[in-house]
Amino acid sequence: MTTHIVTMGGGGFSMSPTGSPTNLDRYLVELTGRSAPMVCFVPTASADDATYVRKFLAGYAALGVRTMVLTMWQDAAASLARLPQADLVLVGGGSTVNLLALWRAHGVDRVLAEMMERERTLVLGGLSAGSACWYSGCVTDSYGDLRVLPDGLGILQGSFCPHWDGEKKRQPVFTDAIATGLLPAGYAADDGAALHWVNGALSGAVAEREGARVARFEASDEPASGGLSIEQLPVELL
């Protein structure tokens with residue numbers, strides 16, 4: 001069994017001006033290893049926004065996949081019962097706090113854990129809230145202002161900050177949280193860049209646009225470090 005998790009700083013069809021799928025979307029689909037995989041879009045963080053769902057359905061129709069949507073606001077139990085059919089679970093952006101609360105209340109986290117134990121390839125991924133949720137902690141604007149959220153799913157160890165170049169106000173909040181120990185060492189990704197994990201181990205970083213970056217941040221005691229060690233990771237252009 002193999003579980004891929006692709007955490008995007010931003011990008012994909014969600015941020016495409018036309019709603020068209022991008023190279024990150026194609027990368028996720030290709031990781032399933034299937035000719036017509038079942039792709040489940042999870043719009044929990046956006047309160048199951050109908051416009052967002054339609055954008056997904058229209059965008060992914062061009063990729064030759066089968067599609068379904070996990071809904072939490074209507075028919076949650078029946079929708080969740082279908083989730084194990086998915087080869088790719090794609091989580092949208094929005095409120096990370098609301099996403100985690102609803103997933104835990106309805107048992108989505110438990111079902112995902114069971115899916116990861118199956119004897120088949122599973123791909124999990126998303127952007128913004130849909131990428132930060134997989135980690136132990138993150139920086140979120142779910143409360144209005146930017147705050148540290150230390151209780152993510154913890155499927156991926158460490159912390160995460162999306163939109164590194166697109167929303168630069170996140171940068172000092174994230175780096176200060178790591179330097180002071182409020183968050184564990186972690187990663188930040190520009191819009192259009194992503195980290196690719198395989199069975200919980202970092203496989204590499206990819207990007208759908210040239211110049212998009214991924215970096216690792218860790219607290220440091222070195223006198224000249226300002227309390228932080230930063231490592232830029234090599235990024236493969238898709």
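The values are calculated or read from the model by the stated rules, or taken from the named source; none is laboratory data. Not measured: the values here are computed from a predicted model. So basically every Cβ, Gly included, is an ideal-geometry build from the backbone, and we count neighbours across all protein chains shown.
List of remarks:
- Test for THR7: is it outside any helix (DSSP H, G or I), of a type in the set (S, T, N, Q), closer than 18 Å to VAL111 by Cα and within 15 Å of the chain's Cα centre (by Cα): no
- Of the strands (runs of 3 or more DSSP E) entirely within region 96-150, those holding at least 2 residues that are not hydrophobic (A, V, I, L, M, F, W, C) occupy 121-127, 135-140.
- Taken as a whole, region 82-90 holds at least one residue that is crowded, with 17+ Cβ neighbours inside 10 Å and either at pLDDT below 95 or touching an Asp or Glu at 6+ places or on another chain (Cβ under 9 Å) (or both).
- Filtering region 81-102 to residues that are closer than 29 Å to ALA36 by Cα and aliphatic (A, V, I, L, M) leaves ALA81, LEU83, ALA86, LEU88, VAL89, LEU90, VAL91, LEU99.
- ASP109 being at pLDDT 95 or above and either under 15 Å from the mean Cα position of the chain (by Cα) or not acidic (Asp, Glu) (or both): yes
- Selected residue (only one of GLY19, GLY33, GLY93 is closer than 18 Å to ASP191 by Cβ, in contact (Cβ under 8 Å) with a residue 24 or more places away in the chain, touching a Ser or Thr at 6+ places or on another chain (Cβ under 7 Å) and not in a strand (DSSP E or B)): GLY93
- Hits in region 3-18 - residues which are surrounded by fewer than 17 Cβ atoms within 10 Å (Cβ to Cβ) and under 20 Å from ARG66 (Cβ atoms): none
- The set of residues from region 163-176 being farther than 17 Å from GLY10 by Cα and either surrounded by fewer than 13 Cβ atoms within 10 Å (Cβ to Cβ) or touching a Lys or Arg at 6+ places or on another chain (Cβ under 7 Å) (or both) comprises just one member, PRO172.
- Criterion violated by GLY200 - all others in (1) crowded, with 17+ Cβ neighbours inside 10 Å; (2) among the small types (Gly, Ala, Ser); (3) touching a residue at least 40 places away in the same chain (Cβ under 8 Å) satisfied: (1)
- Taking region 138-162 as the range and being surrounded by 24 or more Cβ atoms within 10 Å (Cβ to Cβ) and not aliphatic (A, V, I, L, M) as the test, the residues that pass are CYS138, THR140, SER159, PHE160, CYS161, PRO162.
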